[in-house]
């Protein structure tokens, strides 16, 4: 990888970390844990700001598949339309968004599973 691409990737990562740190509590803490969980589940992912929120893709110019945001005091985690999302049992629905007001180990494990599924 060229130094220029590495510099942009590092800058994108720092911009995401800074964005999360700007959020009020408890969202900054939840966001930091989501970021850590997403990156742990997909260590080759490239985070960047996407429509003003942290987004994760396999490359800088690849489509974002996983994102999260805080809007009007509500935190949500989502999968974009480009993500792989399995249908719910006995339904044609494909889950693509979740609201969070805290994060525990069970939730983090579910997020990690969703990330691995989204990037299949």
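Every number in this text was worked out from the coordinates using simple rules, so none of it is lab data. Keep in mind the model is a prediction, meaning the values are calculated, not measured. Quick reminder, even Gly has a Cβ in these numbers, built from the backbone with ideal geometry, and neighbours come from all protein chains shown.
The peptide list 13-25, 105-117, put in order of mean Cβ contacts within 10 Å with the highest first, becomes 105-117, 13-25.
Once the mean of 1/r is taken over each pair of separate Cα atoms and inverted, the chain shows a Kirkwood hydrodynamic radius of 14.7 Å.
Per-residue Cβ neighbour counts within 10 Å put 99, 67, 119 in the sequence 99, 119, 67, beginning with the fewest. Please find the FRET efficiency linking residue 88 to residue 21, where r is the Cβ-Cβ separation and R0 is fixed at 30 Å, and quote it to the nearest 0.05. E(calc), rounded to 0.05, equals 0.30. Which residue, 91, 61, 76, tops the fluctuation ranking in a GNM of the chain built on C-alpha contacts under 10 Å? Looking only at 91, 61, 76, the biggest GNM fluctuation is shown by 91.
Distance between the pseudo-spin-label points of residue 120 and residue 11 (7 Å out from Cα toward the beta carbon): 3.7 nm.
Pairs of Cα atoms under 8 Å, at least six residues apart: use those to get the relative contact order of the chain, whole percent. That works out to 23 percent. Hey, how many Å between the Cα centroid of region 8-46 and the Cα centroid of region 80-102? Their Cα centres are 21 Å away from one another.
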